[in-house]
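Single-structure report; data block below.
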Amino acid sequence: MDPNEIRENIPYQSPVEPQELTLESRFQFRCHPRIACFNACCKSIDITVTPYDILRLKRRLQMSSKEFVARFTIPFEMDTHGLPGLKMITKRDSTECQFLGPEGCTIYEDRPTACRYYALGSMAMRKKDSSKVDDIYFVVKEPHCLGHQEAQTQTVTEYRKDQGVDTYDDMNREWRDIVLKKRSSGPTIGKPSERSLQLFDMCSYDLDSFREFMASDGFRDIFDIEDEERDRLNSDEDALFKFSLRFLKQILFGEMTIATKADARDKRIAQRKSVWEQRR
């Protein structure tokens with residue numbers, strides 16, 4: 001068969017332009033309320049939410065992280081090992097975003113990372129035998145979007161700054177690295193334990209529960225944290241989120257950045273022995 005005939009009969013065309021962009025690459029795009037397709041992208045969404053997305057939105061809506069996740073997200077597995085992820089739920093019997101109102105986005109100042117990036121795409125990649133994670137950017141062109149016909153051009157850096165993406169990426173970077181490391185660990189590591197998946201879920205999407213976990217006797221018996229630092233973490237959610245990721249890296253990968261008490265190991269062994277004796 002003629003290759004051109006094959007190409008013409010392919011039913012799907014990717015909206016992603018294959019050209020890889022750097023921070024200084026220029027691209028043509030502008031979205032504004034007067035454009036004919038305004039809000040069209042919000043009427044058919046598939047948005048994966050990040051931990052910092054949840055933090056911003058639950059504060060805006062004045063609810064707990066647990067309540068926000070239950071009301072506005074749906075779980076999915078990010079890899080074959082069941083690493084938990086969350087997607088924004090849509091309106092009932094619709095593909096439309098729950099936060100789309102008559103005048104547009106009702107949470108615009110705190111909209112998720114994916115919304116800020118559009119019509120750019122971003123992907124983190126770690127090359128083989130390298131510890132460095134590179135950010136790759138590309139243009140996403142969907143048939144309904146007329147923003148690509150606007151005359152305005154800008155660099156990737158300019159667009160990211162204008163959309164407020166820098167703050168979101170800075171807050172999510174450690175979490176992204178954890179996800180990459182879990183995905184790239186390969187079959188030699190084996191499937192993560194149920195406990196490690198639960199900790200990943202809590203540290204990623206339920207910061208209020210992590211705060212309660214920090215106050216538990218079990219946590220206090222193991223980790224050596226000054227009272228002043230505890231007070232700071234309890235009063236600053238952004239700092240608490242970053243600390244939760246340090247905790248997750250320490251538990252999952254043994255990256256020891258949080259001090260532990262000298263007798264913590266002996267206490268854990270004694271507790272396990274006591275539990276075992278009670279079971280016997």
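The values are calculated or read from the model by the stated rules, or taken from the named source; none is laboratory data. None of the values given here were measured: they were computed from a predicted structure. A quick note on method: Cβ atoms are made from the backbone with ideal geometry, for glycine too, and the neighbour counts reach across all protein chains shown.
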Single match in TYR168, TYR159 (criterion: more than 21 Å from PRO33 (Cβ to Cβ) and assigned to a helix (DSSP H, G or I)): TYR168
Of all residues in segment 76-100 being loosely packed, with under 13 Cβ neighbours inside 10 Å and within 23 Å of ALA36 (Cβ to Cβ), the one that is farthest from the chain's Cα centre (by Cα): SER94
Search result, residues across segment 207-255 that are of a type in the set (Gly, Ala, Ser) and either touching a helix residue (DSSP H, G or I) at 6+ places or on another chain (Cβ under 7 Å) or closer than 20 Å to VAL179 by Cβ (or both): SER209, ALA239, SER244, GLY254
Residue within segment 119-138 that is polar (S, T, N, Q), more than 25 Å from ASP238 (Cβ to Cβ) and either out of contact with any Gly (no Cβ under 6 Å at 6 or more places or on another chain) or in the same structural domain as CYS42 (by TED's automatic domain parsing) (or both) present: yes
Criterion: at pLDDT 95 or above, surrounded by fewer than 17 Cβ atoms within 10 Å (Cβ to Cβ) and not basic (Lys, Arg) - qualifying residue of ASP166, ASP208, ASP162: ASP162
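Assess whether SER65 counts as being crowded, with 19+ Cβ neighbours inside 10 Å, outside the structural domain of ALA239 (by TED's automatic domain parsing), out of contact with any strand residue (DSSP E or B) (no Cβ under 8 Å at 6 or more places or on another chain) and among the small types (Gly, Ala, Ser). Break it down into steps so the answer makes sense when it comes.
On the way: crowded, with 19+ Cβ neighbours inside 10 Å: yes; outside the structural domain of ALA239 (by TED's automatic domain parsing): yes; out of contact with any strand residue (DSSP E or B) (no Cβ under 8 Å at 6 or more places or on another chain): yes; among the small types (Gly, Ala, Ser): yes.
So SER65 passes the test.
Among the residues in segment 44-62, are any farther than 17 Å from MET88 by Cβ, at pLDDT 95 or above and surrounded by fewer than 14 Cβ atoms within 10 Å (Cβ to Cβ)? Can you show your working first?
Start the filter on segment 44-62 by keeping residues that are farther than 17 Å from MET88 by Cβ, which leaves 62.
Those still in the list that are at pLDDT 95 or above too: 62.
Applying the additional criterion that residues be surrounded by fewer than 14 Cβ atoms within 10 Å (Cβ to Cβ) yields 62.
Yes, segment 44-62 contains a residue that is farther than 17 Å from MET88 by Cβ, at pLDDT 95 or above and surrounded by fewer than 14 Cβ atoms within 10 Å (Cβ to Cβ).
Out of the residues in segment 182-204 that are aliphatic (A, V, I, L, M) and modelled with pLDDT of 85 or more, state the one that is farthest from LEU245 (Cα to Cα). Can you show your working first?
Pass one, segment 182-204, residues aliphatic (A, V, I, L, M): 189, 197, 199, 202.
After this cut, where a residue has to be modelled with pLDDT of 85 or more as well, the list is 197, 199, 202.
On the way: LEU197: 14, LEU199: 10, MET202: 10 Å.
Top of the filtered list is LEU197.
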Of the criteria (1) surrounded by 13 or more Cβ atoms within 10 Å (Cβ to Cβ); (2) free of Cβ contacts under 8 Å to residues at least 12 places away in the same chain, which one ALA114 fails: (2)
Failed item, numbered, when PRO84 is tested on (1) over 30 Å from LEU199 (Cβ atoms); (2) in contact with a Phe, Trp or Tyr (Cβ under 8 Å, 6 or more places away or on another chain); (3) not charged (D, E, K, R): (1)
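Please verify whether PRO3 is farther than 17 Å from GLY101 by Cα, in contact with a strand residue (DSSP E or B) (Cβ under 6 Å, 6 or more places away or on another chain) and modelled with pLDDT under 95, treating the condition exactly as stated. Working first, answer last.
Working: farther than 17 Å from GLY101 by Cα: yes; in contact with a strand residue (DSSP E or B) (Cβ under 6 Å, 6 or more places away or on another chain): no; modelled with pLDDT under 95: yes.
Criteria not met by PRO3.
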